[in-house]
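To start, the structure under review is shown below, and the notes come after it.
The values are calculated or read from the model by the stated rules, or taken from the named source; none is laboratory data. Note that the structure is a prediction, hence the values are computed from the model and not measured. When we count neighbours, we look across all protein chains shown, and the Cβ atoms used for this are built from the backbone with ideal geometry, even at glycine.
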There are 2 protein chains.
Amino acid sequence: MAQPVYFTPGPSELYPGVEEHIQAAMAAKLGSISHRSQQFKSIYAHAVTGLRKLLALPENYQILFLSSANEVWERAIQNTVERESFHLVNGAFSERFFEISGELGRSATKYKVPDGEGFDVAQINVPTTAELIALTQNETSTGASMPVADIHLFREKASPEALIFVDAVSSVPFPAFDYTKIDAAYFSVQKCFGLPAGLGVWLLNERCIQKAELLLQKGLSIGSYHSIPSLLKKALSNQTPETPNVLNIYLLGQVVEAMNQKGLDLIRQETELKARLLYTFLETSKTFAPAVKEAAHRSLTTIIATTHLPASEVNNFLAPHHMVVGSGYGQNKETQIRIANFPAHTVDHVKALISSLHALDLA
Amino acid sequence: MAQPVYFTPGPSELYPGVEEHIQAAMAAKLGSISHRSQQFKSIYAHAVTGLRKLLALPENYQILFLSSANEVWERAIQNTVERESFHLVNGAFSERFFEISGELGRSATKYKVPDGEGFDVAQINVPTTAELIALTQNETSTGASMPVADIHLFREKASPEALIFVDAVSSVPFPAFDYTKIDAAYFSVQKCFGLPAGLGVWLLNERCIQKAELLLQKGLSIGSYHSIPSLLKKALSNQTPETPNVLNIYLLGQVVEAMNQKGLDLIRQETELKARLLYTFLETSKTFAPAVKEAAHRSLTTIIATTHLPASEVNNFLAPHHMVVGSGYGQNKETQIRIANFPAHTVDHVKALISSLHALDLA
């Protein structure tokens, strides 16, 4: 049976070559090797070295492997917030990070705008007592995106001690962050890296590490096996505290190597081209319209449209075309569709999708 | 290149058919499906239903998917211990569970015997104030095992409110627990289920769930996305709070189905036969000897031997025979070898290993 192309916002279409990499991993029995072996350490180092190169990550940043972005939220609060975090909220995932801070007993405050809207950064007063500022570069639930230039303004807006955390779960490696203007960013491999789910990646600088050590020195609990110091100690010898998702770390290294060969410039250019094609279609469609009104706040990697036809019927129409789009998130399940524009999606994929959605317009 | 048979104590040899199941998963594009889709819910239900059948799990037990056994330790303490846990310690992993309780700010006490020894249960006084009693059915670091009958004695020894947690990370589905005598057990899929690593499985009854709810009602933090109530709410609709390791949940369902077809009785008989062959050899070997002196306390699934020849040299000798054993744990890295006796290891595998180790004896 012909399988569809997945435009779902993650898990999504796998990056080209992933199936072959899995076959190679099986042939080499990577599912059986010890996570303390030199062979594993080399696999780990390959993924980390490749990511450092792809993202041009400064030397003061470390890369940590966790099990999901949900886990990064929890570990971030546990390890870097003694009392208070501050959250820019414009969708379900930024709201969830806010909630998690409260569930962990911290005082969390938020600046909230309606779903589908971006932020007028000049309007936002950052509490001087906030220890962590949670920004969401790409809100996967609404398709709203913060321009990177806006993110970079928060270093000046926040107190000097505050740590600036950026949710880029469904956009890395696209956003060109100035890593001196933020302190941490994180993503999941089942989004733009086109991998099976089960791995979250946390980029963080020495300021986050120092904060975790400070809380520990104060006698506060910062968790256990996945505290920053515990993760870091193992990371420095290319390992994890627990037995990790070895296969996904291997696959991440392979995909990152392929991305480095292709070049991030080209990946970004293609992302912009595909996004332009999609938004241009949505703006003229009879059935669909961009869910985010203001063009400057529209995500280029997770493109969300309101739909007159229920989302389930859109997918029924697309099924014989062998394509799937994501339904809307939460209460927008049937009133919106979500279209992933990830590096695994080729220009031809996107043109074919637009052609099919256009046919739906005419049907 | 011919790949070795992995007798390492996990990750280890993959269960027969896993490679084909991965190929089938790739052909069906299971790496791309949504973790909120009906297709995923069916995969989840298949794994859970199969596990319930394999383990003859009573209806008052729930099955939760976490990322590792390390995570189960942390979630167990967070969710079911307000003040105090009590740990039977006879190796690195039982010690680590003890440490984690302290790192999470609880008062942890332990009853410790030297590595390689079992417990004389009659000697152990369980503190009446302990809320969680941590038993280790199979200590993967030392090869010591608690007889199931000894585990079952703790219900009477502990206070009625205490929860009895059993680490069976590297032994499930072998131990025939009376689930009315314990409250939770947990394992990792890269051990006896012969899967790639990246998934911990937690079996727990309503008493654990009620304790978590009680702590929450008291205003205590029990974590966030992976608190028991959060996990349970999603589990009841065959989902997880985060995007999980979908591929491993699928593979677990397939392996469990194969184990159900084979029958747990036969798996247990083969485990006992292979263990008998291995221990009989070790007892007569010139190079090796069972690390656990008392036969009643020897693990049947992770068999550990002291070795006169450094473990690395044992593996050098085995390499041309296409076999790998585990090195000793921690400070025993070179002075012990660890031999996994998991369902993926056939009687013929074990006979061939013994034949090679016997040749080493004669060399």
Exercise for review: Go through segment B:160-181 and give me each residue that's within 16 Å of B:LEU252 (Cα to Cα) and β-branched (Val, Ile, Thr).
Suggested key: B:VAL169, B:VAL172
Point to revise | Residue that is farthest from the other protein chains (Cβ to nearest Cβ), among those in segment A:94-117 that are of a type outside the set (A, V, I, L, M, F, W, C) and more than 21 Å from A:GLN331 (Cβ to Cβ) | key: A:TYR111
Review point. Take the residues of segment A:81-93 that are buried (at least 23 other Cβ atoms within 10 Å of the Cβ) and among the small types (Gly, Ala, Ser): which is nearest to A:ASN332 (Cα to Cα)?
Key: A:GLY91
Check your understanding: Can you pull out the residues in segment A:306-354 that are in a helix (DSSP H, G or I) and loosely packed, with under 15 Cβ neighbours inside 10 Å?
Key -> A:SER312, A:GLU313, A:ASN316, A:ALA319, A:PRO320, A:GLY330, A:GLN331, A:VAL347, A:ASP348, A:LYS351
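Do we have B:GLU71 as without any contact (Cβ under 8 Å) to a residue 12 or more places away in the chain and either more than 17 Å from B:ILE164 (Cα to Cα) or more than 9 Å from chain A (Cβ to nearest Cβ) (or both) here? Can you show your working first?
Numbers: without any contact (Cβ under 8 Å) to a residue 12 or more places away in the chain: no; either more than 17 Å from B:ILE164 (Cα to Cα) or more than 9 Å from chain A (Cβ to nearest Cβ) (or both): yes.
No.
Could you list, in sequence order, all residues of segment B:243-263 that are hydrophobic (A, V, I, L, M, F, W, C) and under 21 Å from B:ASP348 (Cβ atoms)?
Our first condition is that a residue be hydrophobic (A, V, I, L, M, F, W, C); within segment B:243-263, this holds for B:246-247, B:249, B:251-252, B:255-256, B:258-259.
Of everything in segment B:243-263, those that are hydrophobic (A, V, I, L, M, F, W, C) and under 21 Å from B:ASP348 (Cβ atoms) turn out to be B:VAL255, B:ALA258, B:MET259.
Does A:PHE97 satisfy the condition of being part of a loop (DSSP other than H, G, I, E, B) and among the hydrophobic types (A, V, I, L, M, F, W, C)?
On the way: part of a loop (DSSP other than H, G, I, E, B): no; among the hydrophobic types (A, V, I, L, M, F, W, C): yes.
So A:PHE97 fails the test.
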Point to revise | Filter result (over 20 Å from A:LEU163 (Cα atoms), within 11 Å of chain B (Cβ to nearest Cβ) and in contact (Cβ under 8 Å) with a residue 24 or more places away in the chain) within segment A:198-241 | key: A:GLY198, A:LEU199, A:THR240
Review point. How many residues are at the interface with chain B (Cβ under 8 Å from one of its Cβ atoms), in a loop (DSSP other than H, G, I, E, B) and more than 17 Å from B:ASN245 (Cβ to Cβ) if we restrict to segment A:1-18?
Key: 4
Review point. How many residues does segment B:19-43 hold that are in a helix (DSSP H, G or I), touching a residue at least 24 places away in the same chain (Cβ under 8 Å) and facing chain A (nearest Cβ under 7 Å)?
Key: 1
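Any idea which residue in segment B:286-335 is nearest to the chain's Cα centre (by Cα), counting only those that are farther than 18 Å from B:ALA144 by Cα and of a type in the set (Gly, Ala, Ser)?
Of segment B:286-335, the ones farther than 18 Å from B:ALA144 by Cα are B:286-287, B:308-324, B:334.
Still in the list and also of a type in the set (Gly, Ala, Ser): B:311-312, B:319.
On the way: B:ALA311: 24, B:SER312: 25, B:ALA319: 27 Å.
So the residue we want is B:ALA311.
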**Study point:** Count - residues of segment A:84-107 that are within 21 Å of A:GLY223 (Cβ to Cβ) and of a type outside the set (Asp, Glu)
**Key:** 12
Exercise for review: Look at A:THR49 and say whether it is in a loop (DSSP other than H, G, I, E, B), over 14 Å from the mean Cα position of the chain (by Cα) and free of Cβ contacts under 8 Å to residues at least 60 places away in the same chain.
Suggested key: no
Check your understanding: Of the residues in segment B:265-293, how many are of a type in the set (A, V, I, L, M, F, W, C), assigned to a helix (DSSP H, G or I), buried (at least 19 other Cβ atoms within 10 Å of the Cβ) and touching a residue at least 40 places away in the same chain (Cβ under 8 Å)?
Key -> 3
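In this structure, does B:LYS351 turn out to be outside the structural domain of B:ILE43 (by TED's automatic domain parsing), in contact (Cβ under 8 Å) with a residue 24 or more places away in the chain, farther than 27 Å from B:GLY118 by Cβ and of a type in the set (Lys, Arg)? Before the answer, list the steps.
Numbers: outside the structural domain of B:ILE43 (by TED's automatic domain parsing): yes; in contact (Cβ under 8 Å) with a residue 24 or more places away in the chain: yes; farther than 27 Å from B:GLY118 by Cβ: yes; of a type in the set (Lys, Arg): yes.
It is true that B:LYS351 is outside the structural domain of B:ILE43 (by TED's automatic domain parsing), in contact (Cβ under 8 Å) with a residue 24 or more places away in the chain, farther than 27 Å from B:GLY118 by Cβ and of a type in the set (Lys, Arg).
Which of the residues belonging to segment B:130-150 are among the charged types (D, E, K, R) and either free of Cβ contacts under 8 Å to residues at least 40 places away in the same chain or surrounded by fewer than 24 Cβ atoms within 10 Å (Cβ to Cβ) (or both)? Show your work before the answer.
Let us first name the residues in segment B:130-150 that are among the charged types (D, E, K, R), namely B:131, B:139, B:150.
B:GLU131, B:ASP150, listed by residue number.
Give the number of residues within segment A:151-172 that are under 12 Å from A:GLN137 (Cβ atoms) and in contact (Cβ under 8 Å) with a residue 60 or more places away in the chain.
Here is the first cut: in segment A:151-172, the residues under 12 Å from A:GLN137 (Cβ atoms) are A:151-152, A:154, A:164-172.
In the following step, the residues that additionally are in contact (Cβ under 8 Å) with a residue 60 or more places away in the chain were identified as A:165, A:167, A:169-172.
Number satisfying all stated conditions: 6.
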